[in-house]
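Scroll down for the structure; my scribbles are underneath it.
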Amino acid sequence: MITPDALGPYLDPAAILIVAGGTLAATVLRTPLRDIGRGIAALTALPRRTLDATPLVDQVAALGRIARRHGVHTLDRSVVADKDVAAAIAAIVDGAAPADVTRLLDERRRARILRHAGAADMWAGMAEVAPAMGMVGTLIGLVKMFLSMADPGAIGAGMAVALLATLYGALIANLVAMPIAVRLRRRARAEAEERSRLVAPLAALAAYGQPRAATMSVVAA
């Protein structure tokens, strides 16, 4: 069992301040504020299950049955929790053609990809910066050690900063920042694939609200 006393030699406030503070400062300077907010907010999504579009596909199928019986104009009273599906349904009620609905979903998909990429890039950038900040801490520790050569008792403090700063930079990069970036990108790819399943059903639903000739041409295509 790891005790606080066992961890004591591996904790150095100066090294922590140099590496953690430097990494945060560099991340803030190189990353837009909106992406920083997205990167922090994305942490709440990591424990959740990846999106499964099957319930949404089933809901669109149910809405299609309603549209066939009563017309697409009755769908404006439907309660849809998913924002993409809700936007597509609103467009369909307003008379959007299948191509317009497909374009709408594609635009929302692209916007979501950019948001997810911004969040993941923030953490990937932090993983890139942390080892460099560890090296900065190492250099500072070595300078402190060389300046204290006349005092043997002070050499250990400088050596501790030099060694532990490198350790902290490696840990932040490889055990925190990069794993988060990889998981965020994996979730984004999985969600994009799942949401692609919604395009065809919603485009078909939009066809119900078009004139007969237009609908036949969509079916033939």
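The values are calculated or read from the model by the stated rules, or taken from the named source; none is laboratory data. As the structure is a computational prediction, the values presented were derived from the model and not from experiment. Counting neighbours? That spans all protein chains shown, and the Cβs are built from the backbone with ideal geometry, glycine included. Keep in mind that these areas ignore ligands, DNA and RNA; they rest on the heavy atoms of the full protein, side chains included. Shrake-Rupley method; radii C 1.70, N 1.55, O 1.52, S 1.80 Å.
Applying the set (1) open to solvent by less than 60 Å² (accessible area, probe 1.4 Å); (2) closer than 28 Å to residue 24 by Cβ; (3) touching a helix residue (DSSP H, G or I) at 6+ places or on another chain (Cβ under 8 Å); (4) modelled with pLDDT under 95 to residue 148 leaves exactly one unmet item: (2). Restricting 103, 69, 109 to those that are farther than 30 Å from residue 162 by Cβ, outside any loop (DSSP other than H, G, I, E, B) and in contact with a Lys or Arg (Cβ under 8 Å, 6 or more places away or on another chain) reduces the list to 109. With respect to residue 81, determine if the residue is at pLDDT below 95 and under 20 Å from residue 56 (Cα atoms). Yes: the conditions hold for residue 81. A single entry from 31, 54, 44 fulfils the requirement of being of a type in the set (Ser, Thr, Tyr) and closer than 21 Å to residue 129 by Cα: 31. Candidates in segment 107-145 are the residues that are closer than 21 Å to residue 196 by Cα and free of Cβ contacts under 8 Å to residues at least 40 places away in the same chain; of these, the one that is nearest to the chain's Cα centre (by Cα) is 114. On the given criteria, is residue 172 among the hydrophobic types (A, V, I, L, M, F, W, C), buried (at least 20 other Cβ atoms within 10 Å of the Cβ) and within 22 Å of residue 26 (Cβ to Cβ)? In short, yes.
Quick one: in segment 184-202, which of the residues that are surrounded by 16 or more Cβ atoms within 10 Å (Cβ to Cβ) and under 12 Å from the mean Cα position of the chain (by Cα) is nearest to residue 57 (Cα to Cα)? Result: 191.
Of note, residue 51 satisfies the criterion of being surrounded by 12 or more Cβ atoms within 10 Å (Cβ to Cβ) and outside any helix (DSSP H, G or I).
Is it fair to say residue 61 is touching a residue at least 40 places away in the same chain (Cβ under 8 Å), surrounded by 17 or more Cβ atoms within 10 Å (Cβ to Cβ) and of a type in the set (A, V, I, L, M)? Against the criterion (touching a residue at least 40 places away in the same chain (Cβ under 8 Å), surrounded by 17 or more Cβ atoms within 10 Å (Cβ to Cβ) and of a type in the set (A, V, I, L, M)), residue 61 does not qualify.
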